[in-house]
Amino acid sequence: MNCPNCGYKFDGHMCIADEKAEFRDGDISICLNCGEVHQYKNGVLELIDIRDLPKEIQEEILKINAVRQLMK
């Protein structure tokens, strides 16, 4: 699967907690290349506005993207 924003090809490390995980409806995806946030819906990743997510999830996403920036 590729990032709909930048085209980055996701590899076997799609889930940092479980390398055998598969996308399920409602899952949130953060591209490690561009940082865009998507939600898996009906078999595709759709760009979402994190402001529509619960506050605690927004905070986690912001932390992940801060670390992602440090890795570049």
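Just to confirm the filter: which trypsin sites (Lys or Arg not before Pro) across segment 19-57 are DSSP coil and have at most 14 other Cβ within 10 angstrom of their Cβ?
Here the trypsin sites (Lys or Arg not before Pro) that fit, given the DSSP loop and packing criteria, are K20, R24.
Report the extension gain between E60 and L47 in nm, rounded to one decimal, defined as 0.36 nm multiplied by the number of residues separating them, less their alpha carbon distance. Before the final figure, lay out each step's value.
Details: separation 13, 0.36 × 13 = 4.68 nm, distance 1.72 nm.
Gain in length upon complete extension: 3.0 nm.
What nm value, rounded to one decimal, do you get for the distance between I28 and K72 when each label is placed 7 Å out toward the C-beta?
If labels sit at I28 and K72, their model points lie 2.0 nm apart.
Dipole of the chain, Cα-centred, from +1 at each Lys and Arg C-beta and -1 at each Asp and Glu C-beta, to the nearest 20 debye?
Details: 9 positive and 13 negative charges, 50 e Å.
Roughly 240 debye for the chain.
If you take Rg/Rh (Cα atoms, Kirkwood Rh) from the coordinates, which of (1) 1.08; (2) 1.20; (3) 0.93 do you get?
Only one listed value fits the structure, namely (3).
Tell me, what is the percent relative contact order of the chain, built from C-alpha pairs under 8 Å that lie six or more residues apart?
Normalised by residue count, the contact order of the chain is 21 percent.
Values quoted throughout were computed directly from the atomic coordinates according to the rules given, and no laboratory measurement underlies them. Note that this is a predicted model, so its numbers are computed, not measured. Cβ coordinates were reconstructed from backbone atoms using ideal geometry, including for glycine residues, and neighbour counts include every protein chain displayed.
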